[in-house]
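J.: Next up is a structure, given as structure tokens.
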Amino acid sequence: MGAQLRVYKRRIQAVTATKKITKAMEMIAASRIVKAQRKVAASKPYATELTRAVTAVATGSNAKHPLTTEVDAPTRAAVLLVTSDRGLAGGYSSNAIKAAERLRERLASEGKEVDTYIVGRKGVAYYGFRERKVEDSWTGFTDNPAYSDAKSIAAPLIEAIQKETAEGGVDELHIVFTEFVSMMTQNAVGDRMLPLSLDEVAEESTRKGEILPLFDFEPSAEDVLDALLPRYVESRIYNALLQAAASEHAARRRAMKSATDNAGDLIKSLSRLANAARQAEITQEISEIVGGASALADATAGSDK
């Protein structure tokens, strides 16, 4: 019985130490969510106005540009997948990977070849384990991305969209990331970045009651779109990275809270088992004392005779 009690006590100590770690990670993730949310909110006005500017240039001219012009028969697409660098975040990365796989299957069914770009060690490990080709990857900043990270990611994607498909270029750019809805809800989504759907933007502006201004373009609409193209792609990627970071922290906080609660339940269960083992040990000791006393009394009575 004593050995069993020691085993329970060691397990309680181990689970208690784990509970302290998960609780600390939960609190850290909760504090980082607020900062990530603020960054997401701060990035939206710039991205919104930039999209309106691109839409105004495209609708106010007849310029053909990769930013706004649909290819008649697209044959190649690039998909940027945003995952996390670290684990302990529940199904955060796996949900994004599943969304990317569904998008890849849909594009393949439309007869398009897919070039994959990945952000985060989890996505890199997933594709590396399956020996699937990845055009480029970036790691080390998913929980706290900077605009410079978005610029480094956007550079090869912009280069690919500006090339002809025969030279290794692509006709479409897609991004798969986890959209932050609330502390409890994060959805893995796949959006097309380029070409920009002007009908959808115009419809949204009409729904909000906005009127796009009229512009004169100098030196030309094509040059303006050339200047706006990298800014637009960078802002879209940066906003996606920020939303993904907020979603990662929220998923990690939820996972660590669940782990902390489970550790508490396990400690209670082990404490009950330890108490039962201790009571059994005490009962056995009392039985042994009573048995010994009884045997001693019988031996004393026999010697008196």
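J.: Please specify each residue of region 156-184 satisfying the condition of being outside any loop (DSSP other than H, G, I, E, B), open to solvent by less than 70 Å² (accessible area, probe 1.4 Å) and either farther than 18 Å from Arg236 by Cα or without any contact (Cβ under 8 Å) to a residue 24 or more places away in the chain (or both).
T.: The answer is Thr165, and nothing else.
J.: Also: If I filter region 68-84 down to residues being β-branched (Val, Ile, Thr) and open to solvent by less than 40 Å² (accessible area, probe 1.4 Å), which single residue comes out as farthest from the chain's Cα centre (by Cα)?
T.: Thr68
J.: Is there a residue in region 255-265 that is more than 30 Å from Met183 (Cβ to Cβ), of a type outside the set (A, V, I, L, M, F, W, C) and over 25 Å from the mean Cα position of the chain (by Cα)?
T.: Within region 255-265, not a single residue is more than 30 Å from Met183 (Cβ to Cβ), of a type outside the set (A, V, I, L, M, F, W, C) and over 25 Å from the mean Cα position of the chain (by Cα).
J.: Which condition number in (1) open to solvent by 50 Å² or more (accessible area, probe 1.4 Å); (2) within 29 Å of Ile118 (Cα to Cα); (3) hydrophobic (A, V, I, L, M, F, W, C); (4) modelled with pLDDT under 75 is the one that Val201 fails?
T.: (1)
J.: Please work out which one of (1) of a type outside the set (Phe, Trp, Tyr); (2) under 15 Å from the mean Cα position of the chain (by Cα); (3) open to solvent by 40 Å² or more (accessible area, probe 1.4 Å) is the condition Arg102 fails and give its number.
T.: Status for Arg102: all satisfied but (2).
Residues are listed down the side, and each one gets a yes or a no for (1) within 30 Å of Phe217 (Cβ to Cβ); (2) modelled with pLDDT under 95; (3) part of a loop (DSSP other than H, G, I, E, B):
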{"position": "Ala73", "(1), (2), (3)": "yes, yes, yes"}
{"position": "Ala77", "(1), (2), (3)": "yes, yes, no"}
{"position": "Val114", "(1), (2), (3)": "no, yes, no"}
{"position": "Asn144", "(1), (2), (3)": "no, yes, yes"}
{"position": "Lys151", "(1), (2), (3)": "yes, yes, no"}
{"position": "Ala154", "(1), (2), (3)": "yes, yes, no"}
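J.: Looking at region 96-150, which of its residues are within 22 Å of Leu229 (Cβ to Cβ) and among the β-branched types (Val, Ile, Thr)?
T.: Val114, Thr116, Val119
J.: Limited to region 204-252, what total is found for residues that are at pLDDT 70 or above, of a type outside the set (Val, Ile, Thr) and outside any loop (DSSP other than H, G, I, E, B)?
T.: Counting residues in region 204-252 that are at pLDDT 70 or above, of a type outside the set (Val, Ile, Thr) and outside any loop (DSSP other than H, G, I, E, B) gives 29.
J.: Say whether the condition of being under 27 Å from the mean Cα position of the chain (by Cα), among the acidic types (Asp, Glu), more than 19 Å from Phe177 (Cα to Cα) and open to solvent by less than 70 Å² (accessible area, probe 1.4 Å) is met by at least one residue in region 37-52.
T.: The answer is no; no qualifying residue exists.
The values are calculated or read from the model by the stated rules, or taken from the named source; none is laboratory data. Since we're looking at a predicted model, the values are computed, not measured. Heads up, the Cβs are rebuilt from the backbone with ideal geometry, glycines too, and the neighbour counts pull from every protein chain shown. The accessibility values were calculated without ligands, DNA or RNA, using every heavy atom of the protein model including side chains. Shrake-Rupley method; radii C 1.70, N 1.55, O 1.52, S 1.80 Å.
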